[in-house]
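Quick notes on the structure that follows.
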Amino acid sequence: MKTLVELLSELRRLDIKLWVEGDRTVLPQDAHLRSNAPKEAMTPELRTQIKERKAEIVEFLRQSQRASSSEYQPIQAVSRKGNLPLSFSQQRLWLLNQLNPGDRSYNTFRGFRLTGQVDLAVLRQSFNEIISRHETLRTTFPAPNGSPVQAVAPPQSVNLSVVDLLLLPEDEQCERVQQLAQQEVQRPFDLANGPLLRVTVLRLGEQSYVLIIVMHHIITDGWSMEIFF
């Protein structure tokens, strides 16, 4: 039988993330242990092992969290006055964009089918709230002296584009949806001026919609996209 450290090391190698959710005073066996795993990484055998050793894992994660909180000082917010430097990853993406202006390789895309009565005003309000909470979604990357900096804009309303395809036959709707989605993915971003997030709603029927969201990779990544949605 694997030790707990061996089991957690295997999960880490497979990029399977575990965390404890909820009240820390709850007994380990009653705590909510959550997971996030790449497709097909979480095998039935691993799922069984995690379930059988849940209490051990919860206690280990709690101890690790307590040790971390006592060892490290909390992260202090940086002043937003003046120019903010880019992270190494942002520097790389900015440079690639300079070498190949208009490159769409780093446009991240998600499309969702929405079924039911969609309140577009509430949808826009939801996007605005998320953008207000997360500075990266309203950050641009000008280069006033030839070197890029991060410019964080104040909270602003998202431009929610709505395209009405109600009058098209179903087969033409499908073709048009694919065309519009491809156009949005291929449309380049202006890193210096933004915005670096685009939202489009395609209305197919009274209770049928497609939501298209495109962001530049310089403000998001795969893990962030999961949190966003």
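Going by a ≥ b ≥ c, the root eigenvalues of the Cα gyration tensor, does region 80-151 fall in the rounded group (a/c under 1.5), the prolate group (a/b larger than b/c) or the oblate group? Provide the component values of the computation, followed by the final result.
On the way: a/c = 3.53, a/b = 1.72, b/c = 2.05.
Since a/c reaches 1.5 but b/c is at least a/b, the shape of region 80-151 is classed as oblate.
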I'd like the orientation of helix 4-13 relative to the chain: the angle between its Cα long axis and the longest Cα principal axis, in ° from 0 to 90, rounded to 10. 20
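Sum -39500 (n - 2.57) across every DSSP H segment of at least 4 residues in the chain, then divide by the residue count to get the 222 nm mean residue ellipticity, nearest 500.
On the way: 7 runs with 87 residues, N = 229.
Calculated from helices alone, the mean residue ellipticity at 222 nm is -12000 deg cm²/dmol.
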For region 214-221, in residue order, the Karplus 3J(HN,Hα) values (coefficients 6.51, -1.76, 1.60; θ = phi - 60°; whole Hz; Gly and Pro = x) are 10, 10, 7, 4, 5, 10, 7, 8
If we count every other residue with Cβ under 14 angstrom of Pro44's Cβ, Lys/Arg +1 and Asp/Glu -1, where does the sum land? -1
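Given R₀ = 41 Å, FRET efficiency for Lys17-Val122 by Cβ-Cβ distance, to 0.05?
Working: r = 31 Å, r/R0 = 0.76.
Calculated transfer efficiency: 0.85.
Enumerate by residue number the GluC sites (Glu not before Pro) in region 9-114 meeting two conditions: DSSP loop (anything except H, G, I, E, B), and at most 14 other Cβ atoms within 10 Å of the site's Cβ. Provide the component values of the computation, followed by the final result.
Working: sites: Glu10, Glu21, Glu40, Glu45, Glu52, Glu56, Glu59, Glu71; in loops: Glu40.
Sparse-neighbourhood loop GluC sites (Glu not before Pro): Glu40.
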Long-range amide H partners of Thr108, meaning residues 5 or more apart or on another chain whose placed amide H is closer than 5 Å, are Met215, His216, His217
From the phi of every residue in region 126-135, what ³J(HN,Hα) in whole Hz does the Karplus formula 6.51 cos²θ - 1.76 cosθ + 1.60 yield, where θ is phi - 60° and glycine or proline is x? 5, 4, 4, 5, 5, 4, 5, 6, 10, 4
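If packing is taken as the average number of other Cβ atoms within 10 Å across a peptide's residues, how do 75-88, 203-216 rank, most packed first? Intermediate values should be presented prior to the final figure.
Numbers: 75-88: 9.4, 203-216: 17.8.
For the peptides 75-88, 203-216, the packing ranking is 203-216, 75-88.
What FRET efficiency comes out for the pair Asn159/Gln179, r = Cβ-Cβ distance, R0 = 25 Å, nearest 0.05?
On the way: r = 20 Å, r/R0 = 0.81.
The calculated FRET efficiency here is 0.80.
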If you fit an axis through the alpha-carbon atoms of helix 170-186 and take the longest principal axis of the Cα set of the chain, what angle between them do you get, 0 to 90°, nearest 10? 80
Distance from the Cα centre of region 124-181 to that of region 1-55, in angstrom? 36
Kindly express, to the nearest 10 degrees and within the range 0 to 90, the angle between helix 88-99's C-alpha long axis and the longest C-alpha principal axis of the chain. 30
Just the number, please: carbon plus sulfur as a percent of the accessible area of region 137-208, 1.4 Å probe, no ligands or DNA/RNA counted. 48
Heavy-atom surface of the chain, accessible at 1.4 Å and reported per residue (Å²): 66
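With a ≥ b ≥ c the root eigenvalues of the C-alpha gyration tensor of region 1-130, is it rounded (a/c under 1.5), prolate (a/b larger than b/c) or oblate? Could the numbers behind the result be given before it?
Values: a/c = 1.73, a/b = 1.49, b/c = 1.16.
Prolate is the answer for region 1-130, as a/c is 1.5 or above and a/b outweighs b/c.
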Residues whose placed amide H lies under 5 Å from that of Val163, excluding near-sequence neighbours: Val201, Leu202, Arg203
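The values are calculated or read from the model by the stated rules, or taken from the named source; none is laboratory data. None of the values given here were measured: they were computed from a predicted structure. Note that we place each Cβ from the backbone using ideal geometry, even for glycine, and neighbour counts take in every protein chain shown. Quick note on the areas: whole protein, heavy atoms, side chains included, nothing else; ligands and nucleic acids left out. Shrake-Rupley method; radii C 1.70, N 1.55, O 1.52, S 1.80 Å.
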